[in-house]
1. Regarding the stretch 242-262, can at least one residue be identified that is assigned to a helix (DSSP H, G or I), closer than 24 Å to residue 17 by Cα, under 21 Å from the mean Cα position of the chain (by Cα) and touching a residue at least 12 places away in the same chain (Cβ under 8 Å)?
2. Restricted to the stretch 139-152, and to residues that are in contact (Cβ under 8 Å) with a residue 40 or more places away in the chain and outside any helix (DSSP H, G or I), which residue is surrounded by the most Cβ atoms within 10 Å (Cβ to Cβ)?
3. Checking residue 234 against (1) surrounded by fewer than 19 Cβ atoms within 10 Å (Cβ to Cβ); (2) at pLDDT below 95; (3) under 22 Å from the mean Cα position of the chain (by Cα); (4) in a helix (DSSP H, G or I), which test does it fail?
4. Against the conditions (1) buried (at least 20 other Cβ atoms within 10 Å of the Cβ); (2) out of contact with any strand residue (DSSP E or B) (no Cβ under 6 Å at 6 or more places or on another chain); (3) modelled with pLDDT under 95, where does residue 253 fall short? Just the number, please.
5. Being touching a strand residue (DSSP E or B) at 6+ places or on another chain (Cβ under 8 Å) and either surrounded by fewer than 19 Cβ atoms within 10 Å (Cβ to Cβ) or assigned to a helix (DSSP H, G or I) (or both), is that true of even one residue in the stretch 90-100?
6. Residue 194: closer than 18 Å to residue 277 by Cβ and at pLDDT 95 or above, yes or no?
7. Out of (1) under 22 Å from residue 34 (Cβ atoms); (2) at pLDDT below 95; (3) out of contact with any strand residue (DSSP E or B) (no Cβ under 8 Å at 6 or more places or on another chain), what's the single condition that is false for residue 240?
8. I'm trying to understand the selection: among the residues of the stretch 153-197, which are surrounded by 14 or more Cβ atoms within 10 Å (Cβ to Cβ), within 18 Å of the chain's Cα centre (by Cα) and part of a loop (DSSP other than H, G, I, E, B)?
């Protein structure tokens, strides 16, 4: 399996990233271990999580996903076989607003390292932004963490285009660490914001792009065809808005390609992402081995120019 670098780093990753938001939420620890074993056994090597996952589940307080990953690393001894990406800054219990202050980042990295049971985070990402905090302050925190060996590289997720630009400019001006990756929402349904606002920045600065909601909360798997289907999972309510005329055109195009290639709509949707020149790897979650096989199968699916054109046309905005 070919691997690619993230940004200007030496982080070599396989072209699908496992999204750990499900750990401690819809997947318990034993099932999480089985999924991680299968993922790494199939040749993939980056796991993405966040300090806040999965605080929203009843009885949770945040950090459950990192804890499960850390326990798996301890049990399997596979630390040297995987890249660990986590995030900081998002809302947490008792802290409804994002926090990207230096003090907060320096405190939270210790919690993440302890839960993950590692000495260095490979990719530490600004999860959500607090625009009252100067980008310089956030970057100073990352500079300190890299100098002490607690973080290797940094990335950005939910920053505005303006704040992302400002961060890249500040890094250049002060010789601070530079965001190497961008984790945007991007998929066949949600295209416009990334393609018009973020893709030009990513291309201009050579950022590695690892997309989240790569299957649009499950909509692009084809499991939601009508309003009755929305009750199938906890994410159903958020999918309702996609059951519009454009969404149904996208599903039809996915079905057509899935039939042609004898695969699943999910695999086709991910293969479309992988065909985008600016995309490094989609971040995808799975709660079963079957779902994971659809996910990892995208790496081996090369869509024809005609198939890509049909999907582009169906999802045009």
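The values are calculated or read from the model by the stated rules, or taken from the named source; none is laboratory data. Not measured: the values here are computed from a predicted model. Every residue, glycine as well, gets a Cβ built from its backbone with ideal geometry; the counts of neighbours run over all protein chains shown.
1. No - not one qualifying residue is present in the stretch 242-262.
2. That would be 151.
3. (4)
4. That leaves (3) as the condition not met.
5. Yes, the stretch 90-100 contains a residue that is touching a strand residue (DSSP E or B) at 6+ places or on another chain (Cβ under 8 Å) and either surrounded by fewer than 19 Cβ atoms within 10 Å (Cβ to Cβ) or assigned to a helix (DSSP H, G or I) (or both).
6. yes
7. Of (1) under 22 Å from residue 34 (Cβ atoms); (2) at pLDDT below 95; (3) out of contact with any strand residue (DSSP E or B) (no Cβ under 8 Å at 6 or more places or on another chain), only one is false for residue 240: (1).
8. Across the stretch 153-197, the qualifying residues are 159, 183, 184, 186, 187, 188, 189, 190, 191.
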